[in-house]
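Colleague: Before anything else, here's the structure in question.
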Amino acid sequence: MDDLDRRIVNTLQDDFPVCERPFRAAAAALGTTEDELIARVDRLLAEGTLTRFGPLFQIERMGGAFVLAAMQVPEGRFDEVAITVNALPEVAHNYAREHALNMWFVLATETPLGVAAAVRKIEDATGLPVLAFPKEREYFVELRLEAGA
Amino acid sequence: MNDIVASDLVTEIDRAIVRATQAGLPRVTRPYHAIADAVGVAPELVMSRIRVMLGDGRIRRIGAVPNHYALGWRANGMSVWDVLDERVDELGAKVGRLAGVSHCYRRPRRLPQWRYNLLAMVHGRTRAEAEVRIAEIAAILDDAARAHDVLYSTRILKKTGLRLGSA
């Protein structure tokens, strides 16, 4: 990752322009060219430095639901259960965490009822109880991670 | 009646734009034009609907989402706190504004397994760095927090983001 990559990661986390040639506008601000910026964003995605490039949606504002859930998975079954859970399209993220509740995932569904259905599907498929933690209030969300020098 | 039809059409166009961009923005010189082609509407309409969705919060932001680990942010901790109900909103707002806290939410307790009602995600290059963030949160919450824990992620098992069906 060189200096331009770092500046791309740091400055393009929000406010990507909405106009006919947004990469050209963003490239001008970064002191590079449109083609170079497109090629670099492609590469940063391919390498896994970026997981995504585009709009980030708030599914709740579209009538959908986004719910954090956790399970206590016996160590010997962890990988098998992860495969079962990850196979559901409703599972947006899934993380292994250090705790008795060792698998934490986010369910994203088009309707609030979809969450209960997804929870039931996971419980039926794994035989393990799922604890769901719907968001009651969001205080602030601003995920900006700096790529250091 | 016409208003209802028009608003249904707008909803349908917005949903089509979401579906066309949920895997990301096309990396081409005119990405919004590419979306317009996929949706079957004019590029100006795509851009104006995206601006509306940015304005009303359906789109939080447009840009790059970095992989924490790839940027060297290896200590990603979910800090969880058991905060007095009558103070959690006031204190949660302060915790959410701390640099180094990316997400901060109030969520229900699930007794007896889970006594925590405030969740704050912290990030550091090392656990020591994340622990500094956690100490800052502890200082804000002070004696309103009766207990806390930090759950570090050890592996990303899946990260795909939102997927709307084709319905």
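The values are calculated or read from the model by the stated rules, or taken from the named source; none is laboratory data. Since the structure is predicted, the reported quantities are computational estimates derived from the model, not experimental observations. Backbone-built Cβ (ideal geometry, glycine too); neighbour counts: all protein chains shown. These area figures cover heavy atoms from the full protein model, side chains too; ligands, DNA and RNA do not enter into them. Shrake-Rupley method; radii C 1.70, N 1.55, O 1.52, S 1.80 Å.
Colleague: Where does the charge balance sit around B:Ala130 when Lys and Arg score +1, Asp and Glu -1, over other residues with C-beta under 12 Å from its C-beta?
Modeller: So the surrounding residues net to +1.
Colleague: Further, regarding this structure: Check each residue of the range A:11-45 and keep those whose accessible area, probe 1.4 Å, is at least 40 Å² smaller with all protein chains in place than in the chain alone; give them in order of residue number.
Modeller: Listed by number, the residues meeting the 40 Å² cut-off are A:Gln13, A:Phe16, A:Val18, A:Glu20, A:Arg21, A:Phe23, A:Ile38.
Colleague: Which whole number gives the average, over all residues in B:99-110, of C-beta atoms from other chains lying within 10 Å of the residue C-beta?
Modeller: Going residue by residue through B:99-110 and averaging, the value is 5.
Colleague: Right, something else. State the volume of the convex hull built on the alpha-carbon positions of the range B:75-152, expressed per residue in Å³ and rounded to an integer.
Modeller: 75 Å³
Colleague: Need one value for B:17-24: mean number of C-beta atoms belonging to other chains within 10 Å of its residues' C-beta atoms.
Modeller: 3
Colleague: What part of the accessible area of the range B:1-132, given as a whole %, is carbon or sulfur when the probe is 1.4 angstrom?
Modeller: Heavy-atom surface of the range B:1-132 belonging to carbon and sulfur, 1.4 Å probe: 55 percent.
Colleague: What fraction, in whole percent, of alpha-carbon pairs in the range A:3-47 exceed 16 Å separation?
Modeller: Tail of the P(r) past 16 Å holds 27 percent of the pairs.
Colleague: With a 1.4 Å probe and all protein chains left in place, how much accessible area per residue does the protein assembly as shown have, in Å²?
Modeller: 46 Å²
Colleague: Give the interface area between chains B and A as buried accessible surface, both sides summed, probe 1.4 Å, in Å² to the nearest 100.
Modeller: 7100 Å²
Colleague: With +1 on each Lys and Arg Cβ and -1 on each Asp and Glu Cβ, and nothing else charged, work out how big the dipole of the protein assembly as shown is about its Cα centre, in Debye to the nearest 20.
Modeller: 260 debye
Colleague: Let me ask something else about it. Answer rounded, prolate or oblate for the range B:16-77, using the Cα gyration tensor with square roots of eigenvalues a ≥ b ≥ c: rounded when a/c is under 1.5, else prolate when a/b is larger than b/c, else oblate.
Modeller: prolate
Colleague: Let me ask something else. To the nearest 0.05, how large is the calculated FRET efficiency for B:Arg146 and B:Ala99 if R₀ is 35 Å and r is the Cβ-Cβ distance?
Modeller: The pair B:Arg146/B:Ala99 has a calculated efficiency of 0.85.
Colleague: Please list, in chain and number order, the residues 5+ apart from B:Ile59 or on another chain whose amide H is under 5 Å from its amide H, with Hs placed from the backbone.
Modeller: A:Gln58, B:Leu54
Colleague: Would you please give the FRET efficiency between A:Arg137 and B:Ala128, computed as 1/(1 + (r/R0)^6) with r the Cβ-Cβ distance and R0 = 25 Å, to the nearest 0.05?
Modeller: 0.25
Colleague: Just grab the label-to-label distance for B:Arg155 and A:Thr33, each label 7 Å out from Cα along the Cβ direction, in nm (one decimal).
Modeller: 4.4 nm
Colleague: Continuing with the same structure: With each label point set 7 Å from Cα along the Cα-Cβ vector, what nm distance links B:Ala38 and B:Ile13?
Modeller: 1.8 nm
Colleague: Rounded to two decimals, what is the ratio between the C-alpha radius of gyration of the protein assembly as shown and 2.2 N^0.38 Å?
Modeller: Its radius of gyration relative to the 2.2 N^0.38 Å reference: 1.04.
Colleague: Would the range A:38-77 count as rounded, prolate or oblate if I go by the C-alpha gyration tensor, calling it rounded below 1.5 in a/c and otherwise prolate when a/b exceeds b/c, oblate otherwise?
Modeller: Because a/c hits 1.5 or more and a/b fails to exceed b/c, the range A:38-77 counts as oblate.
Colleague: A:Leu101 to A:Ala46: FRET efficiency via 1/(1 + (r/R0)^6), r the Cβ-Cβ distance, R0 35 Å, to the nearest 0.05?
Modeller: Once rounded, the FRET efficiency stands at 0.55.
Colleague: Next question, about the same structure. Based on alpha-carbon centroids, what's the gap between the range A:81-136 and the range B:2-52 in Å, whole number please?
Modeller: Here the answer is 30 Å between Cα centres.
Colleague: Viscosity 0.890 mPa s, temperature 25 °C: what is the translational diffusion coefficient of chain B from Stokes-Einstein with a Kirkwood Rh over Cα pairs, rounded to a whole number of µm²/s?
Modeller: Calculated translational D: 129 µm²/s.
Colleague: Next question. How much accessible surface does B:Glu129 have with a 1.4 Å probe, in Å² rounded to 10?
Modeller: 60 Å²
Colleague: Report which residues of the range B:70-86 become buried by 10 Å² or more of accessible surface when going from the isolated chain to the complete set of protein chains (1.4 Å probe; DNA, RNA and ligands ignored).
Modeller: Going by heavy-atom accessible area, the residues of the range B:70-86 that drop by at least 10 Å² are B:Ala70, B:Leu71, B:Trp73, B:Met78.
Colleague: Still on this structure, please answer the following. Leaving ligands, DNA and RNA out of it, rank B:Ile62, B:Ile13, B:Ile156 by accessible area with a 1.4 Å probe, largest first.
Modeller: B:Ile156, B:Ile13, B:Ile62
Colleague: Once the mean 1/r over all distinct Cα pairs of the range A:1-140 is inverted, what Kirkwood radius in angstroms do you read off?
Modeller: Radius from the Kirkwood sum: 17.8 Å.
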